[in-house]
Every structure is written in C-alpha cells, then in structure tokens.
1. Cβ-Cβ distance below 6 Å, separation of 6 or more or different chains: which pairs start in the range A:27-39 with a residue that is under 19 Å from B:Gly108 (Cβ atoms) and end on one that is in a loop (DSSP other than H, G, I, E, B)?
2. When you check B:Ser101 against the structure, is it in contact (Cβ under 8 Å) with a residue 24 or more places away in the chain and hydroxyl-bearing (Ser, Thr, Tyr), yes or no?
3. So if I check each of B:Leu103, B:Leu74, B:Leu81, which one is surrounded by 16 or more Cβ atoms within 10 Å (Cβ to Cβ) and within 21 Å of B:Met15 (Cα to Cα)?
4. Would it be correct to say that B:Leu54 is more than 10 Å from chain A (Cβ to nearest Cβ), among the hydrophobic types (A, V, I, L, M, F, W, C) and farther than 18 Å from A:Arg98 by Cβ?
5. Consider B:Pro69 carefully, then state whether it is in a strand (DSSP E or B) and surrounded by fewer than 16 Cβ atoms within 10 Å (Cβ to Cβ).
6. Going through A:Gly16, A:Gly43 one at a time, which residue ends up being surrounded by 14 or more Cβ atoms within 10 Å (Cβ to Cβ) and outside any strand (DSSP E or B)?
7. In a loop (DSSP other than H, G, I, E, B), within 29 Å of B:Ala3 (Cβ to Cβ) and away from chain B (no Cβ under 14 Å), is that true of A:Ser80?
Amino acid sequence: DQQVKQNSPSLSVQEGRISILNCDYTNSMFDYFLWYKKYPAEGPTFLISISSIKDKNEDGRFTVFLNKSAKHLSLHIVPSQPGDSAVYFCAALRGNNRLAFGKGNQVVVIP
Amino acid sequence: DTAVSQTPKYLVTQMGNDKSIKCEQNLGHDTMYWYKQDSKKFLKIMFSYNNKELIINETVPNRFSPKSPDKAHLNLHINSLELGDSAVYFCASSPRDTYNSPLHFGNGTRLTVT
C-alpha cells in the first residue's frame, strides 16, 4: 500500500528550462513533506521540505508547492542545470521518524 | 569525512547464507535507520533505533536482526538469505526530531543473493 506516489517516472528537460516533478499522497495524517535527490551509487540527499501549514517553500532554484486539499505536492527546478540530472524522491512524514517515500522520478537535463 | 558510512558496498552471496552489513555515523545523531530499496525502486523503512533502543520495526521477517552496540552504529544481520532479499540497503541517521533535520543516508549496500 503505497501512500506516496510519483507517476511519470522519467523527465527530460532542456538546460535552462523548468523541471516540474509531481507527487501525490493518500494519508491525510502526513504533516511534513520532503524532497530528496539521488545520484547513482550514492544515498539520497535532502533537497527541500515543506510543512503542512504552508503552501510554498522556496530555496534558490528549488520551490516546493503543497496543495493539501488535493493531497498533492510538486517540486519546481528553475533554471534546470545538467547537475540536476538525478532521481528525485518525494517523502512524507507522520509522527517523528516515520518517513514514507515514493519510488522516485528520473530527471535528465540536456545541455 | 563520510557522515554515514556503510560496508560493504557490494555483497554477493548464495541462498541460505548469513551475512551482515555495518553502518556507522559520525554526526552525533541519536537515531539510526535501515531502509530497503527493492527492484521496484521503493525506499521502505525496515528499522529505526534511538539511542540503541528499537523504536520502529516495520513487519520485517525475523531473519533480519538489527544490532546497535552504541548510538553511532547500527548493523544489520540477515540469516538464511533468500532470493527476494536482493536489494539495495541504505543506512541513515537523524537527530531525534526529524521535523527540523532530515535524514542523512549512507551510499547503500547492494546485496545480490544467487
């Protein structure tokens, strides 16, 4: 029973354009959401997060939007750079330490 | 300086064997985890320890036994390995309050059971 879903497993985007990654969740008890980035043969690294009391959080080129009523969040990367080519995991937290992950989206940024 | 290090990076073994994966963190975190990434790429939590105490055990077969000798180490021992155990296993750590500080992951151990 996957509570965090990432469809469209791969995305190709031209350098300089916007990358948009989507994530849906089913459990309304989730109250904190995170995005992790993963390069091959490495562990996931934290990218950006958002609390359920907010609808937007921005950090440099990365912005996360949260739509609680739709149980949907998205990650925007603008402008996309070749170093952004990686797998991006959406994750959701309910209660401390219980992080549920989606299956990831592969992003390829074309120079 | 690797913050969360796990060994070995690759592990190939036969069905029925017993193997261990070691994990160490030098971040001073109170909580450590084992996650499994299966062939479908989902990352699923297996165990969580806080200060050597087991706090999460997510319906994992009892062939898997985590051991935390101190709060900087969390090892994973697997008995009687099965083909379905083939996966990438990630160790992670965090301060007790994961809302204010996200998980730090190791680089994973790719386990292949033949």
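1. Qualifying pairs under 6 Å: A:Leu34/B:Pro102; A:Tyr36/A:Pro44; A:Lys38/A:Pro44.
2. On the way: in contact (Cβ under 8 Å) with a residue 24 or more places away in the chain: no; hydroxyl-bearing (Ser, Thr, Tyr): yes.
The answer is no for B:Ser101.
3. Details: B:Leu103 fails: within 21 Å of B:Met15 (Cα to Cα); B:Leu74 fails: within 21 Å of B:Met15 (Cα to Cα).
Result of the check over B:Leu103, B:Leu74, B:Leu81: B:Leu81.
4. On the way: more than 10 Å from chain A (Cβ to nearest Cβ): yes; among the hydrophobic types (A, V, I, L, M, F, W, C): yes; farther than 18 Å from A:Arg98 by Cβ: no.
In short, no.
5. Details: in a strand (DSSP E or B): yes; surrounded by fewer than 16 Cβ atoms within 10 Å (Cβ to Cβ): yes.
It is true that B:Pro69 is in a strand (DSSP E or B) and surrounded by fewer than 16 Cβ atoms within 10 Å (Cβ to Cβ).
6. On the way: A:Gly16 fails: surrounded by 14 or more Cβ atoms within 10 Å (Cβ to Cβ).
The conditions single out A:Gly43.
7. Values: in a loop (DSSP other than H, G, I, E, B): yes; within 29 Å of B:Ala3 (Cβ to Cβ): yes; away from chain B (no Cβ under 14 Å): yes.
Yes; evaluated as a whole, the condition is true for this residue.
Table: residues versus (1) of a type in the set (Val, Ile, Thr); (2) under 13 Å from the mean Cα position of the chain (by Cα).
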{"position": "A:Asn57", "(1), (2)": "no, yes"}
{"position": "A:His72", "(1), (2)": "no, yes"}
{"position": "A:Val78", "(1), (2)": "yes, no"}
{"position": "A:Phe89", "(1), (2)": "no, yes"}
{"position": "A:Gly95", "(1), (2)": "no, no"}
{"position": "A:Arg98", "(1), (2)": "no, no"}
{"position": "A:Gly102", "(1), (2)": "no, yes"}
{"position": "A:Val107", "(1), (2)": "yes, yes"}
{"position": "A:Pro111", "(1), (2)": "no, no"}
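Throughout, read-outs are computed from the coordinates displayed, never taken from laboratory work. Only a predicted model underlies this, so the values are computations on that prediction, with no experimental measurement involved. Methodologically, a virtual Cβ is constructed for each residue, glycine included, from the backbone with ideal geometry; neighbour enumeration extends over all protein chains shown.
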